[in-house]
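Values quoted throughout were computed directly from the atomic coordinates according to the rules given, and no laboratory measurement underlies them. Since the structure is predicted, the reported quantities are computational estimates derived from the model, not experimental observations. Here Cβ is always computed from backbone atoms with ideal geometry, including for glycine, and neighbour counts include all displayed protein chains.
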Amino acid sequence: MSDEKGGGIREYDDYTTEELLEQARANAQAALIATVGFLQELEIPIDSWTQSIGVRFARGWQTDEGWDDAGEFLDSMLTNLRAIGANVVDADLGDAEATAVIEGFPDPDLCSLFEVDLATVAKFHDASGAVAGELGLIWSWNLEGDGKTRLKVERPNNSV
């Protein structure tokens, strides 16, 4: 076998780390969007799915250490969302209340390709709410008309 790659065809080891990251992000979103479509076909409530995965995801967090800092929690969620292709447009990571605006998740083109409603896919954010609840925080999100999503984390009033 020759070491030369002819014909302009790229092989698996020709891709840069950046190209692979972009592909991984697209694949992660595609898997989430396709899963939502599958759940809808089976008439399984999306809310049940997001609650279930949120509770399972919470097992990976050290819940006994206390997560009183809303900004620290949102920073972690933004890191996870960036890993699947979201872009952070704005963020304020306060201790008692933290907010952010993201775009790029859910990807409207992938939602269209898989024929799954973008607003339904956005319910994936409810999984973060389940994690926040397990940690004693309050999570909310709102899908805005311009394709952006506003995220908010609050520390309950009785927490210090």
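Per the Cα gyration tensor, the chain maps to an equivalent ellipsoid with semi-axes of 33, 20, 15 Å, ordered largest to smallest.
Please return the longest stretch of the chain lacking exposed loop sites, where GluC sites (Glu not before Pro) count only if DSSP places them in a loop and at most 16 other Cβ atoms lie within 10 Å. For GluC sites (Glu not before Pro) (loop position, at most 16 other Cβ atoms within 10 Å), the longest site-free span of the chain is 44-114.
DSSP beta bridges fully contained in the chain are about 100 percent antiparallel.
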